[in-house]
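> The structure's right below; bear with me while I get my questions together.
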Amino acid sequence: MNATATALLIEAERYLENEDVDRAAECFRRAQVLEEGGAPSPAVGLARVALILGRLDDAEKILDHVLAHHPKSAEALTYRGVVADAREDPSAALQLLEQAVAADATFAPAHANLGRLLGQLGRWPEACLAFRTALAKAPRQPALVPLLALAATRAGSLKEAIEVLTKHLERAPDHLDAIVTLADVLLEAKMVDRATELLANAVERLPRVAVLHARQSGLALRRGDLRLARSAVAKQIALTPTDEEALLYAATLELMRRDLEQAEQLVQRALELAPESWRAHYQLGLIYDALRLKGPALVAYRMAMKHGPRAWQPRNNLATMLLEERSATSAREALALLEEAITLGSNGDAPDAPDAPDARYNLALAHWQLGQSAASERAARQVACLAVNSPIVATAKRFLGNFTPAS
């Protein structure tokens, strides 16, 4: 390849690392002119830029042209496989990436993208092998380390995941993705103390990184240290004051310690940022419910339903409040809401909902208030049979005492 073209390609890669796609594209174009139909790298570079910009048609057109002249180009095969994956055609993507590896076993991106695809397909042991190979071919690509660790974790090899991350962090102690991934793997391995120490050390070294405070807060909450959980999320919010999720999480912590005024202030801040957030309206409903402000709570839950058409939780909570009114009209509305909540959960929009006993028990109460004894008993028995460690299951079993054996 022309020496000047080679220099331009090196410069283009540097621009890509800095996310400067415009300058990268210009370097690839200049290199392509110099090559005049020679090596495929400049054209493949332009296809990669098109991929980054989401222009799949352009990338596909460029790569197909390259492959027509260089059918064994590992570069072109690799990124053509990426295009196929982006088009949700895993079979074609897998075939192309395997061809790329066969064409040039030293081309690290082929192995890396093959590993990603195999992971998406749930073939984690094979994904591990692909990522190991990619890392061996490109040891200076730190982004591959967390990917390998994740694949190893999913493949059940927690020891390998911990070892590869630990060794990497000895060389690059401030690699954020590796720190966060190691914390997750340690928790997966039930090594909570070591994860706590890792995050405490990382926060001390990198106090301006919000995600570390977020992870430290979550871990502290898991350990029952509410004080540290609140302190850590406060630092996160100070760094990212427009993070709606952090504000809602902080509000949840305040709810746990029954500081309802502070919880409300945090939720109101979240609503200023995201007025259509169903979770924020739902959380506001929880606060007003706890304050026994029935009217505002009902309004908040209805707003949560409006902005969360697939959310079962506000429907369940609104139904609970309606059942407290003990009127046929309210019971009928509650029944409709609970049937909708259970259906939403059963459709997979909320993985916890199908076995969540609260909505099902409330359904039994709604039928009972409407005089629908048989339906009430059926709903209560569904709750009583759930293998869930929840007080509501025991309550449902007691509720079944209202029905005679003959019923």
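> Could you please state, rounded to a whole Å, how far the C-alpha centre of the range 116-171 is from the C-alpha centre of the range 43-103?
23 Å
> Still on this model: Using the alpha-carbon centroid of each, what span in Å lies between the range 1-23 and the range 271-307?
52 Å
> Bin by bin, in steps of 20 Å, what percent of the Cα pairs in the chain do you find, going until the bin that has the longest distance?
Pairs per bin, as whole percents: 20, 40, 31, 8, 0.
> Let me ask something else. Got the relative contact order for the chain handy, in percent, Cα pairs under 8 Å and 6 or more residues apart? Display every interim value, and only then the final one.
Values: 539 pairs, mean separation 20.0, N = 407.
Relative contact order for the chain comes out at 5 percent.
> Which helices count as membrane-span-like in the chain under these terms: full DSSP H, at least 24 Å along the axis by C-alpha, Kyte-Doolittle mean of -0.5 or more?
Result, helices passing both filters: 328-346.
> Rounded, prolate or oblate: pick one for the range 21-97, where a ≥ b ≥ c are the square roots of the eigenvalues of its C-alpha gyration tensor, a/c under 1.5 means rounded, and failing that, prolate if a/b is larger than b/c, else oblate.
On the way: a/c = 2.65, a/b = 1.40, b/c = 1.89.
Oblate.
> Using a Cα-Cα cut-off of under 27 Å, which lysines could be cross-linked to Lys159, ignoring same-chain neighbours fewer than 8 residues away?
Qualifying lysines at Cα under 27 Å: Lys137, Lys167, Lys190.
The numbers here are math on the coordinates, done by the rules we state, and not lab data. Treat the numbers as computed from the prediction; the structure is a model and nothing was measured.
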